[in-house]
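See structure below.
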Amino acid sequence: MPRRDLHIRCRPRRAISLIETLVAMFVLSLAGVAVLNLFATSHQSRNESSIRLAATMRSEEALSRFVGASPSGRRDLLRDGESLSKFDSNLPTGSTTTFSTQEETLALGATRVEIRILRIRATVHDADGHTLATLERLEPVEERGTR
């Protein structure tokens, strides 16, 4: 009589268990969350950069307007500042530009040549008063009695 083997043959495992599936889904979801977080951070940085660029361009435009203004126009700008036009779609609503000036004397070079200048500063603020951009320009001041 032929002898039968009583031990059970193990087949190679072909099915994936539920626990392995859940672990794999958890790992993939963590990777997905990290990628989505990366996109969100990138989008926020791009928006902030766009606002800063628009504010810097606005500061440069305001400085040019200030330098070209008459003395009375300069006084008005120093007192009241400027509210931004509706064309500045990249800037937050309610943003304003303020101006400040300060006379200084600079000593240049080894011979210490002194030059009187007017330091003009244009600052763009959002509606909450946070500074978005500040630019300065130096303008020589004529000596009194010379001309």
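The values are calculated or read from the model by the stated rules, or taken from the named source; none is laboratory data. Quick caveat: nothing in here was measured; it's all calculated off a predicted structure. So basically every Cβ, Gly included, is an ideal-geometry build from the backbone, and we count neighbours across all protein chains shown.
Of all residues in region 83-99, none satisfies being over 26 Å from the mean Cα position of the chain (by Cα) and either surrounded by 10 or more Cβ atoms within 10 Å (Cβ to Cβ) or among the acidic types (Asp, Glu) (or both). State all residues of region 87-133 that are in contact with a helix residue (DSSP H, G or I) (Cβ under 8 Å, 6 or more places away or on another chain) and β-branched (Val, Ile, Thr); if no residue qualifies, say none. 97, 101, 120, 123, 124 - these are the residues of region 87-133 that are in contact with a helix residue (DSSP H, G or I) (Cβ under 8 Å, 6 or more places away or on another chain) and β-branched (Val, Ile, Thr). For beta carbons closer than 6 Å, sequence separation of 6+ or different chains, a first residue in region 89-105 that is free of Cβ contacts under 8 Å to residues at least 40 places away in the same chain and a second that is β-branched (Val, Ile, Thr) and in a strand (DSSP E or B), the qualifying pairs are 97/124; 98/123; 101/120; 104/117. Taking the conditions (1) within 17 Å of residue 137 (Cα to Cα); (2) at pLDDT 90 or above in turn, residue 45 satisfies each one other than (1).
Summed over region 113-139, the residues that are farther than 30 Å from residue 54 by Cβ, exposed (fewer than 13 other Cβ atoms within 10 Å of the Cβ) and of a type outside the set (Asp, Glu) give a count of 1. A Cβ distance below 7 Å, combined with a sequence gap of six or more or placement on separate chains, defines the contacts here; from region 39-53, residues that are closer than 17 Å to residue 91 by Cβ reach residues that are at pLDDT 90 or above and among the aliphatic types (A, V, I, L, M) in the pairs 51/132; 52/132; 52/133. Among the candidates 116, 137, the residue that is over 26 Å from the mean Cα position of the chain (by Cα) and at pLDDT 90 or above is uniquely 116. When you look at residue 110, is it without any contact (Cβ under 8 Å) to a residue 12 or more places away in the chain and either surrounded by fewer than 10 Cβ atoms within 10 Å (Cβ to Cβ) or in a helix (DSSP H, G or I) (or both), yes or no? Spelling it out, residue 110 is indeed without any contact (Cβ under 8 Å) to a residue 12 or more places away in the chain and either surrounded by fewer than 10 Cβ atoms within 10 Å (Cβ to Cβ) or in a helix (DSSP H, G or I) (or both).
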